[in-house]
Amino acid sequence: MASEAITPVTDTTTTAEPTAAEQKIAAARDALLAKSAPLIEQAKGFAKARPFATAALAGVLGIAFLNTLRGK
């Protein structure tokens, strides 16, 4: 058998700066998450204050979702 020399593979990829599109996407994502935080807190407060109303709402939305899957 012929012996072959094994050469190590070097990683030639470099960490490039994000493109303008990637920067815009990141900025939009950050803005969306910053604005949705108060809305999420309001929803959590509503769920804690009115657990039966939250359960009823979840049940109605669940039935509506199942009906869309059935095609009705």
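Of note:
- Just one of the listed residues (LEU66, LEU33) is under 20 Å from the mean Cα position of the chain (by Cα) and assigned to a helix (DSSP H, G or I), and it is LEU33.
- Residue within the range 53-62 that is exposed (fewer than 10 other Cβ atoms within 10 Å of the Cβ), assigned to a helix (DSSP H, G or I) and not aliphatic (A, V, I, L, M) present: no
- In the range 1-47, the residue that is least open to solvent (accessible area, probe 1.4 Å) out of those that are modelled with pLDDT of 80 or more, among the charged types (D, E, K, R) and more than 30 Å from ALA58 (Cβ to Cβ) is GLU22.
The values are calculated or read from the model by the stated rules, or taken from the named source; none is laboratory data. Just so we're clear, the structure is a prediction, and the values are computed from it rather than from any experiment. Every residue, glycine as well, gets a Cβ built from its backbone with ideal geometry; the counts of neighbours run over all protein chains shown. Only protein heavy atoms, including side chains, enter the accessible area calculation; ligands, DNA and RNA are left aside. Shrake-Rupley method; radii C 1.70, N 1.55, O 1.52, S 1.80 Å.
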